[in-house]
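The structure under discussion appears below in the form of structure tokens.
None of the figures in this text is laboratory data; all of them are computed from the coordinates on show. In this text, all values refer to a predicted model and were calculated from it rather than measured experimentally. Note that each Cβ is placed from the backbone with ideal geometry, even for glycine, and that neighbours are counted across all protein chains shown.
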DNA sequence: ACATCTGTCTGACCTTTGTCAGGGAATTTC
DNA sequence: GAAATTCCCTGACAAAGGTCAGACAGATGT
């Protein structure tokens, strides 16, 4: 790695710490020290569990305990013992606490908004941010089962169709293809998987159950910002695992010659070329994989 | 601005603070509090002036004074009164201090390096980082006079020629064009300007003096990561100001039809199309501007 | 039933950071 | 040359962050 490259990284990190340092400042606008504000925000984001908080914020048990007591005295939270284990405690926002949390959220949003609107090309800035965030949190991307009609799923599918439409010379109409119905992508016949990075969806894949002895893999999509991280391979592995769990023995999929990266992936991971098995006008290549 | 966009910005900022938080941790590996380490590093980077330090690090005068005394007791720095103003003090690294500073630099470099080498496509990551760093530090981009043969200038010029070569279908050979000689780009006949963002060069422009009653604007280049920020306009304004300072009354420039953005800029900022005034094979458009 | 482990809380203590008023020396202004 | 200003230092104090040993209650294993 050349020295210039390193100084580019360091310039980035200086720029970002200066900026996000200013972002931290916004937390101070409400007369509460940073540590306390961070704890309040973490609780607001659903991390009420004390042990979880300690881990997440890297705080000493004594320190966290004091901060929690302080918040309790302010009337912003209450603490209850957890049901499943009476040693553990869980912090919960009171009404006043929720209002205060909302104020912090508004501050954060306003900050993000002003950062974005100061830039002449916000879309490009967002793309670069997504790319970097995906790169940095790569080790923390999770793949989870989701409902095919949930907002996150729809967000991904919309992007998928947009992209396919742009890619195919002849265009792509959702009505003409065999778009799987939601029930076929739900257990026990099928599944829908989302890749989440820090809570935001960055990829999806569907497993569509059929009554013909096989299931189809469809709608594999990875956000542009998350490509090149080996995520599609992970998604496919998870899909196979899910298929096994559902007792499915044979997987099929179709794809188009204009997606060479996808085709290469399938060929590298044990999929076999087969004859056309449907009359969808868009796909040109057909694959099958037996699960053992 | 949509809520999704805002959550994308916030995801970025969380990802980055987690990562650069870990980077700050590295400063703690040497048994010194963060504030002290920051001061030592700033001094190592040439910011020895006490008033400058205070401004740069945002420290209270009392606090900085205490930190400096601490570093002095450790034998890492000495402070001297400035020559030009005996009230001001300047901190200088001792031999031991330089060694310590070098250790911090090595830590930082190793950190940046590991971040980069963990990524499958470091070049793309660097580009995204440059883009964001330029966007965030936009208000702090400075334009300075530089020597046309300095390393920074050469770095920019190399990139300029690379890019022109890629842009022109017929290619571009530095030998065939009228490449101005360095002395023509130095005062008192000409100038060479660099755009610096946090010390790194991100653009250049040359003012080439001639003995024919006008000067030529040449080699206007902005790093891809810094485009769209209105920087070329600022560079051209600075060039005109510099020309006035040198007593130049007429500016000329040539450009190529394959650079529509540049042509649009010239037309919008008071340049007039004129006849070809040289026999350089590459340019297709010629402009002139009278300075009043 | 007993010992052991786990999760949280408390109190004590220290370091670091943040803030402010005032003093002394050098410089600038009039 | 006197007054005002600028720059750095000092001392005092408060707030916040960090660390640790021990107490207590609940969970777990034998």
*What FRET efficiency would be calculated for the residue pair residue A:124, residue B:211, taking the C-beta separation as r and a Förster radius of 41 Å, to the nearest 0.05?*
0.40
*Across peptide A:113-122, how many C-beta atoms of other chains are within 10 Å of each residue C-beta, on average?*
5
*Say we join alpha carbon atoms closer than 10 Å with springs in a Gaussian network model of chain A; which of A:103, A:242, A:83 then has the biggest fluctuation?*
A:83
*R0 of 22 Å, Cβ-Cβ distance residue A:284-residue A:250: FRET efficiency to nearest 0.05*: 0.55
*Which percent, to the nearest 5, of DSSP beta bridges fully inside the protein assembly as shown are antiparallel?*
95
*asked:* Order these by the 10 Å Cβ neighbour count, fewest first: A:92, A:205, B:217, B:50.
replied: A:92, B:50, B:217, A:205
_Taking a ≥ b ≥ c as the square roots of the Cα gyration tensor eigenvalues, with a/c under 1.5 meaning rounded and otherwise prolate when a/b beats b/c, else oblate, which class fits the protein assembly as shown?_
oblate
_Difference of contour (0.36 nm per residue) and Cα-Cα distance, residue A:168 to residue A:109_ = 17.5 nm
*Please order B:4, A:18 by the number of other Cβ within 10 Å, starting at the fewest.*
B:4, A:18
*Amide N proximity, the stretch A:196-239 versus residue A:264 label position 7 Å along Cα-to-Cβ, cut-off under 19 Å*: A:220-237
*Pseudo-label separations to other copies for residue A:140 - Cα-to-Cβ vector, 7 Å, nm*: 2.5
_Label geometry 7 Å along the beta-carbon vector: residue A:98 inter-copy distances in nm_ = 6.3
*For the Cα atoms of chain B, what angle does the longest principal axis make with the long axis of helix B:151-167, in degrees from 0 to 90, nearest 10?*
50
*Mind giving me the nanometre distance, one decimal, between the label points for residue A:147 and residue B:96, set 7 Å out from Cα along Cα→Cβ?*
6.8
*Label-to-label distance, nm, for residues given as residue A:65 and residue B:73 (7 Å Cα→Cβ offset)*: 3.3
*Kindly express, to the nearest 10 degrees and within the range 0 to 90, the angle between helix A:34-44's C-alpha long axis and the longest C-alpha principal axis of chain A.*
50
*Once every DSSP H run of n ≥ 4 in chain A is given -39500 (n - 2.57) and the sum is divided by its residues, what mean residue ellipticity at 222 nm do you get, rounded to the nearest 500 deg cm²/dmol?*
-15500 deg cm²/dmol
*In whole Å, how far is the Cα centre of the stretch B:43-118 from that of the stretch B:223-256?*
36
*Taking Cα atoms, how many degrees apart are the long axis of helix B:231-245 and the longest axis of chain B, rounded to 10 and kept between 0 and 90?*
80
*If you count, for every residue in A:101-112, the Cβ atoms of partner chains within 10 Å of its Cβ, what is the mean?*
2
*For a label point 7 angstrom out from the Cα of residue A:82 toward its Cβ, which stretches of the stretch A:52-76 have the backbone nitrogen within less than 12 Å?*
A:52-55
_Relative counts (whole %) of C-alpha pair distances in the stretch A:3-118, using bins that are 10 Å wide_ = 13, 37, 28, 16, 6, 1
_Taking a ≥ b ≥ c as the square roots of the Cα gyration tensor eigenvalues, with a/c under 1.5 meaning rounded and otherwise prolate when a/b beats b/c, else oblate, which class fits the stretch A:140-290?_
rounded
*Pull out a ≥ b ≥ c, the square roots of the eigenvalues of the alpha-carbon gyration tensor of chain B, then state rounded if a/c is under 1.5, prolate if not and a/b is larger than b/c, and oblate in the remaining case.*
prolate
